[in-house]
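What follows is a single structure, written as structure tokens, with notes after it.
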Amino acid sequence: MAVLEILEAPHPLLSQRARDVREDEFGPALAAHLSDMAETMYAAPGVGLAAPQVGDLRRIVVADPGAGEKDEGRRLYQMVNPEIVERSRETTESEEQCLSVPEITVKVKRHVRVTVAWRDPWGAAHQETFSEWAATVMQHELDHLVGQTLYDRASGLKRARYLKSRKKALQAELAR
Ligand SMILES: [Zn+2]
């Protein structure tokens, strides 16, 4: 297991569309990669991580919407080639954060419920309906697979502030 480096916006890989995992890629190596992604997500700490965030342009997501909560709603989802197969008409809006766009929050409108179909790293098919916060997390992570992050959704002003704060952080890093 290993903690991977998380890319930060505006890194060009974060804006690219991920490709499907191929049949010959399922198996132990893929399972190990998803374990690394899960470890990286929990270490951050975060509730979801998509493969493009660690520089891998394949349709892979790990998520544990209940992470950080004390209740028993915690569960690690390891999703390969996830797809939203059903969406509620009803929408909701909440403040979101992203490990690849540190220190900003952006209000995003999402479907209240989504049904996601995916395969696990060994190839088995799964499907589940998520609602409220868990649905928001899934929609946020699936956005990463089409190259969309909170950086793209932020207002021009928020984006400018973000770039300024990242520049400062980078300069402080270099000066050390
Ligand atoms: Zn994100």
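Bear in mind these aren't lab numbers, they're just calculated from the coordinates by the rules spelled out. If you're wondering where the values come from, they're calculated on a predicted model, not measured in any experiment. Note that each Cβ is placed from the backbone with ideal geometry, even for glycine, and that neighbours are counted across all protein chains shown.
Could you calculate the contour length gain from D56 to Q171, that is, 0.36 nm times the residue separation minus the distance between their Cα atoms, to one decimal place in nm?
On the way: separation 115, 0.36 × 115 = 41.40 nm, distance 2.67 nm.
Working it through step by step, the gained length comes to 38.7 nm.
With an 8 Å Cα cut-off and a minimum separation of 6 or more residues, compute the relative contact order for the range 1-121 in percent. Don't skip to the answer; put the middle values down first.
Numbers: 215 pairs, mean separation 30.4, N = 121.
After rounding, I find 25 percent.
For the range 65-115, report the convex hull volume of the alpha-carbon atoms normalised per residue, in Å³, without decimals.
Values: hull volume 6.2 nm³, N = 51.
Per residue, the Cα convex hull of the range 65-115 comes to 122 Å³.
Which ³J(HN,Hα) values, rounded to whole Hz and listed in residue order, are derived for the range 101-110 from phi using the Karplus coefficients 6.51, -1.76 and 1.60 in 6.51 cos²θ - 1.76 cosθ + 1.60 with θ = phi - 60°, glycine and proline given as x?
9, x, 6, 10, 10, 9, 7, 10, 8, 9
Determine, for each peptide in 76-89, 51-64, 7-20, the mean count of other beta carbons within 10 angstrom over its residues, then list the peptides with the highest first.
Values: 76-89: 17.3, 51-64: 22.7, 7-20: 15.8.
So the order, starting with the most tightly packed, is 51-64, 76-89, 7-20.
Could you size up the charge dipole of the range 12-175 around its Cα centre, putting +1 on the beta carbon of Lys and Arg and -1 on that of Asp and Glu, and report it in debye to the nearest 20? Could you put the intermediate results ahead of the total?
Details: 23 positive and 25 negative charges, 190 e Å.
The calculated dipole for the range 12-175 is roughly 920 debye.
Which one, T91, T136, T105, has the greatest fluctuation when you compute a Gaussian network model over the chain with C-alpha springs under 10 angstrom?
Comparing T91, T136, T105 in a Gaussian network model of the chain, the most mobile one is T91.
If you find the alpha carbon centre of the range 70-101 and of the range 108-169, how far apart are they in angstrom?
7
To the nearest 10 degrees, how steep is helix 28-43 against the longest Cα principal axis of the chain, on a 0 to 90 scale?
That helix lies at roughly 50 degrees to the long axis.
I want to make sure I understand the PRE zone here: with the label point 7 angstrom from the Cα of S88 toward its beta carbon, which residues in the range 105-139 have backbone N atoms less than 13 Å away?
The answer is 110-115, 129-137.
Return the FRET efficiency for the residue pair Q127, K158: r is the Cβ-Cβ distance, R0 is 45 Å, and the value is rounded to the nearest 0.05. Walk me through the numbers on the way to the answer.
Working: r = 36 Å, r/R0 = 0.79.
After rounding, the FRET efficiency stands at 0.80.
Taking a spot 7 Å from the Cα of Q97 along the direction of its beta carbon, which residues of the range 62-91 have an amide N less than 14 Å from it?
67-69
Suppose the Debye formula is applied to equal point scatterers at every Cα of the range 69-172; what is log10 I(q)/I(0) at q = 0.14, 0.23, 0.24 Å⁻¹?
Results for the range 69-172 at q = 0.14, 0.23, 0.24 Å⁻¹ read -0.65, -1.25, -1.30.
Given 25 °C and 0.890 mPa s, compute D for the chain with the Stokes-Einstein relation, Rh being the Kirkwood radius over Cα pairs; round to the nearest whole µm²/s.
Details: Rh = 16.7 Å.
D, rounded to a whole number, is 147 µm²/s.
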